[in-house]
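The values are calculated or read from the model by the stated rules, or taken from the named source; none is laboratory data. These numbers were taken from a predicted model, which means no experiment stands behind them. The area values use the complete protein model at the heavy-atom level, side chains included, leaving out ligands, DNA and RNA. Shrake-Rupley method; radii C 1.70, N 1.55, O 1.52, S 1.80 Å.
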Amino acid sequence: MLRGELRAFRSTQVWLALGVAMLGGGGLFATFSYIAPMMTNVAGYAPSSVTLILVLFGLGMTAGNLLGARLADRALMPTLYGALALQAGVAALFMITAHGKVAAAVTVFLFAAASFAVVPALQSRIVAEAGNAPNVASGANQAAFNIANALGAWLGGLALSAGLGYTAPNAVATGLPLDLAGLSIAVSSGLLEHRTRARARAPIDEAPIAPADLKTGELARPPPRPGNSGGP
């Protein structure tokens with residue numbers, strides 16, 4: 001049974017989906033890991049207010065998860081593209097809105113919603129591509145998000161250590177190393193799927209058609225074989 005589950009990892013699409021989880025998820029954790037100092041040192045919230053900010057983040061997570069699941073049922077890959085692009089855009093906006101209390105709070109909600117709209121779409125993608133072996137592949141998706149947690153926090157910490165300011169993790173989340181890289185992998189996955197389907201249809205679409213008789217318009221019969229009278 002385990003051997004059958006491991007067959008899911010023969011699929012290139014499964015690996016691409018895991019790549020999206022590691023990089024796109026890394027964008028989420030680059031911002032989230034340092035949201036407390038961002039809110040207190042930049043937005044001006046008191047340390048006691050960070051708990052409420054995290055509650056707001058949790059509400060955004062719930063809203064994004066519900067919305068992402070509904071949209072993924074209708075159009076899976078467009079939902080994945082849109083959520084990743086929105087996550088990158090909101091992270092970029094956060095570098096500006098973090099300087100005001102109200103704007104920062106609204107952006108926290110939007111960032112969480114965009115980030116977690118990715119999750120159901122990505123999970124559905126992995127289960128669909130794993131075929132008859134979805135269990136281990138689904139577990140690998142969670143492992144990929146754990147890697148994303150470590151990767152995002154590490155890169156965000158490097159930006160802070162470089163003296164780029166408390167909003168620098170948002171730039172890391174937006175930039176090529178994370179969100180945009182995850183979006184690029186998702187688009188590559190969609191293009192690969194499109195090409196694979198096109199190749200699968202090609203033999204049917206390009207099958208030769210027997211020539212028609214110019215006078216009757218009927219399909220020409222194949223010539224008789226040697227030794228065949230050609231009769232019915």
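Worth a mention:
- HN-Hα J in Hz across segment 117-123 - Karplus 6.51, -1.76, 1.60, θ = phi - 60°, x for Gly and Pro: 5, 5, 4, x, 5, 5, 5
- Carbon plus sulfur fraction of accessible area for segment 29-142, probe 1.4 Å, in percent: 69
- Probing with 1.4 Å while keeping every protein chain in the model, the per residue accessible area of segment 1-156 equals 46 Å².
- Shape box of segment 1-129 [Cα atoms, principal axes, largest first, Å]: 53, 28, 22
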